[in-house]
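Structure first, then comments.
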Amino acid sequence: MKAFCLAAITLWSVSTVSAQVFRSAETPSKKEQKRQKINAMIRQAEEGVLVYNKQTTMGIQARSNGYGLFYEMGRMKSPLRTTVYRIDFTEIKHPKENKFQNLSNPFLFLSNPYIYGKVNNFFQLTMGAGQQRMLGQKGNKNGVAVSAVYQGGLALGLLKPYYVQIEDPGSDDLLYIKYSAADSALFLGPSILGSGGFWRGWNELKLQPGLFVKGALRFDYGRFNEVVSGIEVGVSAEMYAKDITIMALQNDKPFFLQAHIALLFGKRK
């Protein structure tokens with residue numbers, strides 16, 4: 001009986017050691033797996049394939065009705081698909097905006113040009129998520145990768161009252177006023193000397209919630225995979241809960257549609 005138990009224990013020990021040796025031979029170590037992954041990424045980079053775990057991108061954009069800045073984070077889910085999260089801060093201009101300078105102002109060189117009839121500066125902050133889908137890889141390091149980007153999310157409209165400097169007809173005092181029913185005659189009259197400056201009115205911000213959608217094509221011409229360099233061309237639309245007033249004596253609207261072109265740069269890991 002003792003001999004049988006000893007033989008069984010010996011057999012179990014030998015089989016356990018053999019299984020461990022077999023698994024070690026079959027399964028590479030974590031260090032080896034990491035080395036293989038890095039080698040594969042290097043090989044793909046040499047072939048012009050964009051490969052990364054995450055990317056951060058920022059840029060500036062010119063829009064058909066304004067300008068803006070943006071910041072974006074992306075995590076690659078597959079060689080063809082990346083989930084992106086983006087924040088944009090932009091200003092929307094009304095097509096009727098025109099700058100004027102009051103040449104009769106005795107303080108001409110100290111005054112600011114003004115926009116006649118402007119009621120509010122309209123800024124917007126959009127925060128959303130979406131997908132970046134690869135349409136065509138670079139082919140080589142000097143090529144251009146083309147991808148489609150589509151996003152949606154929340155929009156927050158920021159309305160800052162626009163102030164102008166006027167000369168009070170009754171006392172010749174200098175006043176800063178914004179548009180109101182009581183001061184509309186002065187605000188739209190001939191006594192405007194200049195704008196009230198960019199910083200006036202920030203403590204009177206009004207917020208308007210809304211939604212946005214965006215679609216674009218992105219052209220990445222960066223020579224190195226770890227660096228993002230490219231151009232984005234696309235369109236976007238925002239819908240707000242209420243009409244947005246930018247100019248006096250013009251039709252207000254809650255919907256904005258615009259095209260944009262952006263210069264973007266960043267890095268990948």
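The values are calculated or read from the model by the stated rules, or taken from the named source; none is laboratory data. Please read these numbers as outputs of a predicted model, since none were measured by experiment. All Cβ positions, glycine included, derive from the backbone under ideal geometry; neighbour counts span all protein chains shown.
The residues of the stretch 175-232 that are in contact (Cβ under 8 Å) with a residue 12 or more places away in the chain, under 21 Å from residue 159 (Cβ atoms) and of a type in the set (Gly, Ala, Ser), listed by number, are 184, 195, 196, 197, 201, 210.
Scanning the stretch 199-252 for residues that are closer than 30 Å to residue 144 by Cα and not in a strand (DSSP E or B) yields 221, 222, 223, 224, 225, 226.
Let's see how each residue does on (1) farther than 26 Å from residue 255 by Cβ; (2) under 21 Å from the mean Cα position of the chain (by Cα); (3) surrounded by 14 or more Cβ atoms within 10 Å (Cβ to Cβ); (4) charged (D, E, K, R):
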site: 190; (1), (2), (3), (4): yes, no, no, no
site: 194; (1), (2), (3), (4): yes, no, yes, no
site: 206; (1), (2), (3), (4): no, no, no, yes
site: 214; (1), (2), (3), (4): no, yes, yes, yes
site: 219; (1), (2), (3), (4): yes, yes, yes, no
site: 226; (1), (2), (3), (4): yes, yes, no, yes
site: 237; (1), (2), (3), (4): no, yes, yes, no
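Only residues that are surrounded by fewer than 17 Cβ atoms within 10 Å (Cβ to Cβ) and in a strand (DSSP E or B) were counted across the stretch 74-94, and they come to 9. Quick one: residue 230 ticks every box in (1) at pLDDT 95 or above; (2) under 19 Å from the mean Cα position of the chain (by Cα) bar one, so which box is it? Of (1) at pLDDT 95 or above; (2) under 19 Å from the mean Cα position of the chain (by Cα), only one is false for residue 230: (1). Of all residues in the stretch 112-150, those satisfying the criterion of being at pLDDT 90 or above and assigned to a loop (DSSP other than H, G, I, E, B) are 116, 117, 119.
I'm trying to understand the selection: among the residues of the stretch 146-177, which are buried (at least 17 other Cβ atoms within 10 Å of the Cβ) and farther than 23 Å from residue 203 by Cβ? Correct list: 147, 149, 151, 153, 167.
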